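Colleague: Before I ask anything, let me first share the structure, which is written out below as structure tokens.
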Amino acid sequence: MSEPLKYRRILLKLSGEALMGEADYGIDPKVIGRLADEIIEVQKAGIQIGVVIGGGNIFRGAGLAAAGMDRVTGDHMGMLATVMNALAMQDAIERRGGYARVMSAIQIHDVAEDFIRRRAIRHIEKGRIALFAAGTGNPFFTTDSAAALRAVEVGADLLLKATKVDGVYTADPARHADATRYDTLTYDQVIERKLAVMDTAAIALCRDHGMPLRIYDMTVAGNLMRIMRGEHIGTIVSDQ
């Protein structure tokens, strides 16, 4: 008998940088293929899933603004980058026999549906993987905030942030050998200690709506399904 699953519906946040693999730019087909395999595995096990993908592997609005570009223009370019990444993920999922829908927070009808909350919920209830693109559709808001917002809107049981580190540490483990990993944190601890988990707006939104957040290492194959089975992997952020 298969192990019972702990969650019914999840929202997965993937950074654009996660899609690069070892490259400096763009999308590594092997990486996006492996991620698609894990997402499909979870969906076929009965978990309803939505995904928010960043665009930092192509454009990052804040970085462009720091280089002198108008911030609003830069953020709109970043939103379009997330649409490109979502389309790439949709292709990877569908080539593996899965079903996915790209839903954009900005109107771009030739390539994606508009994000409509009730339609998004219907997609995931029907077993489709909903790929939420273009952030919140507004400048100055990160895709972390978009992930927290979409998780609350679709009634997810858990928000997952996939990273290249196995949780949240007291300091950057790549630079500080004595850094230790937190198993659990509260939302207020993340904000007060200024831990680089998600931006403050995203953490506050999770706190205000009681949305648990788990940060885990996406580079370890099978971690997503292990979490679905209730294994304690990475760092959990909640109100307790």
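Colleague: Here are Ala36, Ala18: which of them is within 20 Å of Ala162 (Cβ to Cβ), part of a helix (DSSP H, G or I) and modelled with pLDDT under 95?
Modeller: Values: Ala36 fails: modelled with pLDDT under 95.
When all the criteria are applied, what remains is Ala18.
Colleague: Okay, moving on. Of the conditions (1) under 23 Å from Leu80 (Cα atoms); (2) aromatic (Phe, Trp, Tyr); (3) touching a strand residue (DSSP E or B) at 6+ places or on another chain (Cβ under 7 Å), Phe140 satisfies every one except a single condition; which number is it?
Modeller: (3)
Colleague: Among the residues of the stretch 109-130, how many are more than 23 Å from Glu38 (Cα to Cα) and either touching a residue at least 40 places away in the same chain (Cβ under 8 Å) or surrounded by fewer than 17 Cβ atoms within 10 Å (Cβ to Cβ) (or both)?
Modeller: 8
Colleague: State which residue is farthest from Thr170 (Cα to Cα) when the search covers only the stretch 183-240 and only residues that are in contact with a strand residue (DSSP E or B) (Cβ under 8 Å, 6 or more places away or on another chain) and acidic (Asp, Glu).
Modeller: Step by step, filter the stretch 183-240, then rank; the result is Asp239.
Colleague: Evaluate the following for Tyr216: is it closer than 20 Å to Ala45 by Cβ, touching a helix residue (DSSP H, G or I) at 6+ places or on another chain (Cβ under 9 Å), among the hydroxyl-bearing types (Ser, Thr, Tyr) and at pLDDT 95 or above?
Modeller: Numbers: closer than 20 Å to Ala45 by Cβ: yes; touching a helix residue (DSSP H, G or I) at 6+ places or on another chain (Cβ under 9 Å): yes; among the hydroxyl-bearing types (Ser, Thr, Tyr): yes; at pLDDT 95 or above: yes.
Yes.
Colleague: While we're on this one: Evaluate the stretch 138-152: report whether one residue or more is acidic (Asp, Glu) and out of contact with any helix residue (DSSP H, G or I) (no Cβ under 6 Å at 6 or more places or on another chain).
Modeller: Checking the stretch 138-152: not a single residue is acidic (Asp, Glu) and out of contact with any helix residue (DSSP H, G or I) (no Cβ under 6 Å at 6 or more places or on another chain).
Colleague: Lys6 versus (1) in a helix (DSSP H, G or I); (2) surrounded by fewer than 20 Cβ atoms within 10 Å (Cβ to Cβ): which is the lone unmet condition?
Modeller: (1)
Colleague: Follow-up. With respect to Gly74, determine if the residue is touching a residue at least 12 places away in the same chain (Cβ under 8 Å), assigned to a helix (DSSP H, G or I) and over 20 Å from Ile227 (Cβ atoms). Spell out how you get there, then give the answer.
Modeller: Numbers: touching a residue at least 12 places away in the same chain (Cβ under 8 Å): yes; assigned to a helix (DSSP H, G or I): yes; over 20 Å from Ile227 (Cβ atoms): yes.
Spelling it out, Gly74 is indeed touching a residue at least 12 places away in the same chain (Cβ under 8 Å), assigned to a helix (DSSP H, G or I) and over 20 Å from Ile227 (Cβ atoms).
Colleague: Among the candidates Thr163, Thr180, single out the residue that is more than 23 Å from Ile32 (Cβ to Cβ), at pLDDT below 95 and out of contact with any helix residue (DSSP H, G or I) (no Cβ under 7 Å at 6 or more places or on another chain).
Modeller: Working: Thr163 fails: more than 23 Å from Ile32 (Cβ to Cβ).
Criteria check complete, one pass: Thr180.
Colleague: Kindly indicate the residue of the stretch 43-64 that is more than 15 Å from the chain's Cα centre (by Cα) and buried (at least 19 other Cβ atoms within 10 Å of the Cβ) and also farthest from Asp24 (Cα to Cα) among those meeting that condition. Give the steps one after another, and end with the answer.
Modeller: So the first thing to find is which residues in the stretch 43-64 are more than 15 Å from the chain's Cα centre (by Cα), and the list is 43-47, 58-64.
Restricting the remaining residues to those that are buried (at least 19 other Cβ atoms within 10 Å of the Cβ) gives 43, 47, 58-61.
Working: Gln43: 30, Ile47: 33, Ile58: 10, Phe59: 12, Arg60: 14, Gly61: 17 Å.
Across the stretch 43-64, the extreme among qualifying residues is Ile47.
Colleague: Which members of the stretch 113-130 meet the condition of being among the β-branched types (Val, Ile, Thr) and not in a helix (DSSP H, G or I)?
Modeller: We begin by selecting, within the stretch 113-130, every residue among the β-branched types (Val, Ile, Thr); these are 116, 121, 124, 129.
Ile116, Ile129, listed by residue number.
Colleague: As an exercise: evaluate Asp110 against (1) in a loop (DSSP other than H, G, I, E, B); (2) closer than 21 Å to Arg8 by Cα and give the number of the one condition it does not meet.
Modeller: (2)
Colleague: From the list Gly50, Gly46, Gly55, Gly98, exactly one residue is part of a loop (DSSP other than H, G, I, E, B), in contact with a strand residue (DSSP E or B) (Cβ under 8 Å, 6 or more places away or on another chain) and at pLDDT 90 or above. Which is it? I'd like the intermediate steps shown before the answer.
Modeller: Numbers: Gly50 fails: part of a loop (DSSP other than H, G, I, E, B); Gly46 fails: in contact with a strand residue (DSSP E or B) (Cβ under 8 Å, 6 or more places away or on another chain); Gly55 fails: in contact with a strand residue (DSSP E or B) (Cβ under 8 Å, 6 or more places away or on another chain).
Being part of a loop (DSSP other than H, G, I, E, B), in contact with a strand residue (DSSP E or B) (Cβ under 8 Å, 6 or more places away or on another chain) and at pLDDT 90 or above holds for just one of Gly50, Gly46, Gly55, Gly98, which is Gly98.
Colleague: Only one of Ile116, Ile108, Ile124 is of a type in the set (A, V, I, L, M) and within 26 Å of Asp28 (Cα to Cα); which? Let's see the steps before the verdict.
Modeller: On the way: Ile116 fails: within 26 Å of Asp28 (Cα to Cα); Ile124 fails: within 26 Å of Asp28 (Cα to Cα).
Only one candidate qualifies: Ile108.
The values are calculated or read from the model by the stated rules, or taken from the named source; none is laboratory data. What you see is a predicted model, and the numbers here were worked out from it, not measured in a lab. Here the Cβ is made from the backbone with ideal geometry for all residues, glycine too, and neighbour counts use every protein chain on show.
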